[in-house]
Every structure is written in C-alpha cells, then in structure tokens.
Amino acid sequence: MKSKFLNFWFLWPLAHLFHFQWGYYFHVNQDYSVFFLAILINFTAMLCLLKPSKAALLSLASFQLAQVLILLPDVPNHWLLISLINLNLLFNFTLAKLKKETELTFWENFRQSTCWSVIIFYSWAMFWKLNHGFTNYETSCAVKFALMGLTIPTSLQKIIPHLVLLVELLIPLTLLVSRFRKVGVLLAILFHAALLLPAEKFFLNFSFTMMALVLLFINQNHLKFFHTDYEKYSKSSLIIISIFLVIIITATNQTGSWFYLRQLFALILYSAAIFHFLRSFRSITTTQLKLPQLSLVLVPAIVLINGLSPIVGLKSSSAWQMYSNLNLSEKSSNHYLISRSLGIGGYLEDRIKIISSRDLNPSEEYPYFLLTKYCHQNKCHNLNYDRNGVRIQTNGEAEKKDYLSRSILEKKLLTFNTFNVSGKDCRW
C-alpha cells in the first residue's frame, strides 16, 4: 500500500517544506508556539522523505493542522487547503481504526474524499475569477504576473485572462470525466508549472501542493517517481539530498541568491516530475471517482462552504478567491454572476473609510471588524475615520476592546480584506 501512494508520500512533505520562509518567523511572528510547530513540521517532513511511514505522515498532518488552528483566520489559501487535506487524512485514519477497516479501505476513502475536495477547490478558484477586474487585461492579476520579467504584446495580454479562465474551467471538468481525467491531471500539472515562473511571487509551495493532489486521480502503480523498495535506497544519498533541501528551503528572505537557488531547485524537481509523467502518459490509467460515503463528506463540505463564504458575507479572504480581482460587498459586486453579497451578520455593511492615519491607507475602505482586529494587533495612534457617516477620532483602544469582546468563532473564522473598489488589487 505504501508503494501505491509513494508519489503522494514524497510530494506532500515537499509541499510542506517549500511553504516556509524562515525570515518571517525570525522577524515578524512573535508566537513561539507557531515557530516551534514550524520546526516540527519541517522535521517530520524530512523524516517522511528519509524513511516514509504512516506514523511520520500522520505526525506531519497533526503538526501542520495544529499550526493552522493557532494562525486562523489569517492563513494563506494553499496552507489552509493543505490543513484540510491533513484533516481528511487524520479523519479517515480515525474512522478506519474505529471501524476496524483495512489499510486499503483507509487509503481509498482518503483518496476519494480528497479528489472531490480538489475538484471543488478548482471550481471555486475559477468561479471567483469571473469578474470585470480579472477579465480586463489592464487590471487582471494574471496579466500582472505574466509581465514579471516578460515583455508581452498588448494583443496577447488581452488573451491571458480568458486563457486562465478556460484552463481553470477545464481542469475540474476533465477531472470529473473518467475519459478525460488523464488529460485533466496533465493540464493541472502544466498550469502549475507556469505558476513557478514568476519567482517573486513564491508560488512553488502551491504548485507542489496541487501536483501531489492531482496525482491522486491516476493509478500510481503506472507512475512511480521512485522505486517500490524506497527503504532500500542508500541512506547516505538520502541524507545528502535532505541536507541540500534544508539549505535551499530555509533561505530566510524572498530575495538574494539562496532564494533564487531554491526556486531553481524547485523548478528542476517539478520539471523532472513532468518529464516522467509525459514519458509514462500512454501507460497511465486513471482511478475511479465515486461519491464518498456520508461519513466522509466532512472535508469536501468544508471546502465547499469556505468557497461560499464571500457570497454569504462572512469572509472575503482565504476563501479560494486568490488573485481573482474580486470586489464583493453587500451593496455591489464586480462579479458577472453575483450582484452582491448577502451580508449575513452585517460585517460588510458596517464599513469605515480612513480620513487620516499614520499607518493605514486613507484611500481604502475597511469592514469595521477588520479595523478592530488591526487595532488589536497594531497601534492605531491618531486614527481618524468615518463609520457609516459618523466621524471618529481615536487612539485605537475602543476598537481593541471591541475586538476582544468578540466570540472565539468570530476571531477564528472571519477574515476580511479591504474593499477592492477599483478591482485592481491582487490579493492571495
């Protein structure tokens, strides 16, 4: 069974390792529990690479999920998705133990529910890009990233947003249909290879995450990046590779030679995987996709609900809307299909406009909830803002108390961006 999921066992720890930028932990984050869990995540990820075992993989999932629970709600989309897949792994393992199911059943249940989660995720990612800001080449985030280091004629720039939409539409559709599933996997892998090219955006963590997940749609017995007897590999060579990984992956800043060396190393690894996939393409067969049992829909349901949250009005960030140019409020929207958010809870309706501030941008409009959170985490000296027509001048203490009075569910689940009125902002 280990050999059947060997590709996942290798790529999943890599997705965790490529996530970390240690400069962030050294210079920004003061939560030592988060830093300690980051060390544990990296250690267990390296352990998975050196000697894959179910215990190491489950430990990796547990540490990563624990870190996300501490960091919530401010978790990047890809790291949140990884945490949900890790939750799915732990959930299926627990159910298998309680029901005394075989290891084959455990892994197949995990694969099925994960595959449905991936299809739902891609569907939301495409859906939120159906807006005026994204399809307009002058504001589209897709064009902005394509222009990083490249000179592209205007005629081609106009095509890029629509091409991205087409690809992100085809990926979930082809993954759903068994006849085209193999093409869908290839399309997803090539799409995320393109995302590796703008080094400044640090997309390699996301690309390795999605490669590990989409490969679950194919029969891994026909695509083995590594020999079945993984444990028989030379330990010394694996240690050397691991040390090299540590050196490259722990580059502290998002600039400089070490950072670009890490990007190059990731690109080589990803390219090697693509080459091997293409070489084996004809012999590859896809796995069956069935509706998961009722007890196994937990994680796919969470993925679905999280993508729905901007419509409901309870989130406008970390909702699978990454770099979509989306602007959705209780009054207006730039989306082609959604005229406005439902605004449940009044979080979007209760908005403020900065008049003057030492730190906040006066041209931005904020949900009041976001402002209270900001004043809790930072200093809000000499802050002057308009809240629904009422001018308020404050040092941030009242806003901080307001945030502290909120329920734990509000603090952990609700997260908002500033209102992207222009539709030009590119937000992860």
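The values are calculated or read from the model by the stated rules, or taken from the named source; none is laboratory data. Predicted model only: the values in this text are computed from it and were never measured. Glycine also receives a Cβ, built like all others from the backbone with ideal geometry; neighbour counts cover every protein chain displayed. The area values use the complete protein model at the heavy-atom level, side chains included, leaving out ligands, DNA and RNA. Shrake-Rupley method; radii C 1.70, N 1.55, O 1.52, S 1.80 Å.
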Given bins 10 angstrom wide, list per bin the percent of all Cα-Cα distances in the range 327-417, short to long.
16, 48, 30, 6, 0
Compare ARG179, ARG427 by solvent-accessible area with a 1.4 Å probe and give them largest first, with all protein chains kept in place.
ARG179, ARG427
So between GLU101 and SER283, what do we pick up on full extension, going 0.36 nm a residue minus the alpha carbon distance?
62.4 nm
With each label point set 7 Å from Cα along the Cα-Cβ vector, what nm distance links SER53 and THR94?
2.3 nm
Sparsely packed GluC sites (Glu not before Pro) within the range 63-166, loop by DSSP, other Cβ within 10 Å at most 11
GLU138
Gained length - ALA194 relative to GLU397, 0.36 nm times residue gap less alpha-carbon distance
68.5 nm
Pairs to check: LYS51/LYS97; LYS97/LYS290; LYS331/LYS373; LYS100/LYS412. Give those whose C-alpha atoms are more than 28 Å from each other in this structure.
LYS100/LYS412
Give a quick list of trypsin sites (Lys or Arg not before Pro) in the range 357-407 that DSSP marks as loop, anything other than H, G, I, E or B, with at most 10 other Cβ atoms within 10 Å.
ARG358
Let me check against my output: what whole-number percent is the relative contact order of the range 314-402, with C-alpha pairs under 8 Å and at least 6 apart?
20 percent
Sort out for me the Cα centre separation of the range 381-406 from the range 274-339, rounded to whole Å.
35 Å
